[in-house]
Amino acid sequence: MFVKNIYRLACIGFALITCGTLYAQPKGIDKELYKAATIPDSLKENANAVVRYSSDDYLIKAPGKAVIKHYSLVTILNEKADGEAHLHIDYNRKYDAISSIEMKVYNAAGVLIKKYGKSDMYDALATDDATIATDDRYLALRHVISTYPATIETSYEEDLSSFVDLGSWYIQGTETSIQNAVCTMTVNPDLGFRFINENIKLETQKAKDGILDTYNWQIKNLKSVKPEDEVPNWQITKKVSFAINQFIYCGSAGTFNNWSDYGKWLSGLKSDVCTLTPQRAEEIKKMTDSLKTDKEKARFLYNYLQKNVRYVSIQLGIGGLKPLPATFVDQKKYGDCKALCNYMYALLKAVNIPSYYAEVNAGTNEEPANPVFPNRPFNHIILCIPFKSDTTWLECTSNTQPFGKLGTFTENRNALLITEDGGKLVNTPRSTMSNNTFNSDVHITLAPDGGAKAKIKILSTGEVRDTYIGISAQKLDYQKEFLIRRLHMKQPSLLDFKLSDNKDDVKQVDLDLEYDKFYDMAAGEKQFYRPRAFDLWNVTVPVLDKRNADYYFDYPMQKTCTTTIDLPTGFEMESLPTNVSLKFTYGSYNVNYQYLADKNEVVSTTSFVLTNQVIPAAKYNEMQQYMDNIAKAQNKKLVIRRKAS
C-alpha cells in the first residue's frame, strides 16, 4: 500500500494529485478482514504486508475541483512493513482542505487497541535546507507497533481546488499483497478524462451517474512479487495514471489536450517575467562584446550565472509553476530551478541568443514522459540552446556542472520544450562512457618488512568527477572513509589527499598512503600481494534462475589504471598474475602485467568499460558471470621472494 501523498519537489511544484491505496470507511466491509488469521496463505508469500481492503473515490465535477476519499485496511506482518503505520499527507494551505482523518490500530484478533484523529497529527511546513518560502505543508502520524501481526485502518478526505492533472492510482507497494482494492473515478465528461494502465493488465468498468461518467477498477488476490535489485520503480510499479484536458491551477485555466496546448499555457504563464530591464540588458551586451561566437557568449554567461547566483527554493502560490521574474533574480542573486533557467534565458535573450525553457522529470534513471499520454510527470526545469551546429543543454541549478553537460539527473529521457508554438517533446542527450571517466596512475614502493608507500593520481570527468566534488565539502574523516570504501582499498595507517581545482572539466585527486603491512600473507621467504592499490570494479550480482526486469547502473563509464610496483631491496619476482581479457555484450575488462627486471618493478595496465547503463534482463546471466570473473581476476596474487644470499 502506498501512503497518500501529493508530491511537490522543492525545485518545481507538482501540480497534480497522487493517490495511494487509502477513505471514509466504505459500507459493508467484512469483519473477518480485521483478523490476521483470515489472510489466505498464498498472499503471505514474499509479503511483509497485505492490503485487506482499500478504496479510492474521486469526484471531479469541474476544472480544478476534486474531492477524493481514501480508505485502507492493511495487515502488517513484520517490522519491514512498519511504514504502513505511518500516515503522511502533503497539502497546500491555500488550495487544499484535509478532513475526516482517522487511523485505527487492531491486534491480530481484530480487536481495536488504539485510535488517532487529526488532532494527533504533526502539522508542519514542507521545507528543506534549500526552501525559504512555501505554501506546502504536511500532516504526519506514526504509530509504533509492538506486536505482529497488526492491522491499520486509515481514512481521510481531500477537497482540492488547484491541480493540473490527477496523478495515479498506485495499486501495489513493494513486498505487499492485495486482497481487495477498488478505485472509482466520477468525472464530468466535458473535462476530457483520460487514463492509462501501467505494468498491469486491468479491466475498466464504465457507467453513467446522471450527467457524470463513472470509471471503476478492481483488484483481487494480487500476490506479492519478490523485488529485484537495481530496477527503477516506474519500470515495475503497477498503477493507473489519470489526466484531464481542462484544468485550473492557482486560478489560471489551461488545456492539456496534447503537449502543445500545455506548453502554450506554460509559455503564457512566464511571458511577463523573462526579460531584463533595458539598462541591464545593455550591460550584459557589453560584458560579451569581445566574444566572437554565440557559443562563447553562452559559455561566458553560464559561468557568470554559476558564479553569481545560488539555488534557493521558493514555492508560493502559482510560483509552483511560474518562475520568479528575471529582474528579481538579477537583483537578489537567488532562485529555484524555474527562476534560474528563466534568468539564464533572459541573459541569452539580451545578447540575441534564442533558448528554450524545458520541463523534465529529474533523477537518475527516472521515468520519461509518455509521448502518447500527455500529463505532467515533470519536477525540474533545464534550458536548451539550439545553436546552428548543435543543441546545447544547461543545468542552471549547479555551480559546478560543466557547460553543456547535464549528467544522469536529466539525461536519457525526453523533456518538454516550451516554444513559441507550444510544447514539444524532445530527447535530452544520452549518457556515454566517454563522458564518465576515471583515469589513474599509481606508484607503490614495497618495504622488505611488507609495509608500503603509495602515491595515487586520479583524473575524473562527468558523474565520477561530481562524486569527488561532492565529498570536497565533507569533513576530513568522512572523506577518508569514503575514499577507502569507494576505491575498495586496504585500510592504510596514513592517508593524505588533495582535491585539486577543476581544469578543463577534469577533477584531480592526489592521495599519499602508507601501510604497515601491505601484503596479504607471508610464508617463509615469500610474500603474497594484491598487485594494485584499489580495484577498478567491485560489483558482483547474485545468480538468478531468471531475471524479469532490466538491470540499471547509474551511468556508463570507462576506467583505466596504470600501476607501478617497486619491489623491496633484496627481493625478486617469483610469479605474476596471468593476464586477463574479459568481454560481455555491454563491456570489457582487461589487465596486463609485466616484470621489468632491470628496474625490479612490476607494471600493470587495467581497463574497465561499461558501454550502457541499462542491461536487458536477457543479458543478466551473462553479466553475472562476467562480473564474477572480474572478481576472480582481481583476486590473483603477485608473489615475490627474498633473494638467496
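The calculated FRET efficiency for Asp190 paired with Asp272, based on their beta-carbon distance and R0 = 51 Å, is about 0.95. Counted residue by residue at 0.36 nm each, then reduced by the alpha carbon distance between them, the extension gain from Phe387 to Ser290 reaches 33.0 nm.
Determine the per residue accessible area of segment 34-252 with all protein chains present and a 1.4 angstrom probe, expressed in square angstrom.
For segment 34-252, the solvent-accessible area averages 44 Å² per residue.
For Asn600, neighbours were defined as the other residues whose beta-carbon sits under 11 Å from its Cβ, and their charges (Lys and Arg +1, Asp and Glu -1) total -2.
Ignoring ligands, DNA and RNA, how do Thr437, Thr327 rank by accessible area with a 1.4 Å probe, largest first?
Result, largest first: Thr327, Thr437.
A full extension of the chain between Ser100 and Leu544 corresponds to an added length of 155.1 nm, given 0.36 nm per residue minus the alpha carbon distance.
Spacing of the modelled spin labels on Thr569 and Glu622, each 7 Å from Cα toward Cβ, amounts to 5.3 nm. Note on Asp128/Lys455: beta-carbon distance plugged into 1/(1 + (r/R0)^6) with R0 of 35 Å gives a FRET efficiency of 0.30. The shape of the chain comes out oblate: with a ≥ b ≥ c from the C-alpha gyration tensor, a/c is at least 1.5 while a/b does not beat b/c.
Amide H contacts of Thr277 (H built 1.01 Å from N, in plane; Pro and chain starts excluded): no residue 5 or more places away or on another chain comes under 5 Å. Treating r as the C-beta distance of Gln235 and Asn352 and R0 as 35 Å, the FRET efficiency rounds to 0.20. Shown are Met344, Met433, whose ranking by accessible area with a 1.4 Å probe and every protein chain present, most to least, is Met433, Met344. Candidates Thr147, Tyr71, Tyr478 compared by Cα position along the dipole of the chain: farthest toward the positive end lies Tyr478, with charges placed on Cβ. Label-to-label distance, Lys65 versus Gln491, with points set 7 angstrom from Cα along the beta-carbon direction: 6.7 nm. Subtracting the Cα-Cα distance of Ile200 and Ala281 from their residue separation scaled by 0.36 nm leaves 23.9 nm. For the chain, carbon and sulfur atoms together expose 48% of the accessible surface, with a 1.4 angstrom probe and every protein chain in place.
Can you give the helix-only mean residue ellipticity at 222 nm for the chain, where every DSSP H stretch with n ≥ 4 adds -39500 (n - 2.57) and the sum goes over all residues, rounded to the nearest 500 deg cm²/dmol?
-5000 deg cm²/dmol
Under 19 Å from a label point set 7 Å out along the Cα-to-Cβ vector of Asn502, the amide N atoms of segment 367-407 belong to 381-385, 392-407.
The values are calculated or read from the model by the stated rules, or taken from the named source; none is laboratory data. It should be emphasised that the depicted structure is a prediction, and the values quoted were computed from it without experimental measurement. All Cβ positions, even for glycine, are placed from backbone atoms using ideal geometry, and neighbour counts span all protein chains on display. Heavy atoms of the whole protein, side chains included, go into the accessibility calculation; ligands, DNA and RNA do not. Shrake-Rupley method; radii C 1.70, N 1.55, O 1.52, S 1.80 Å.
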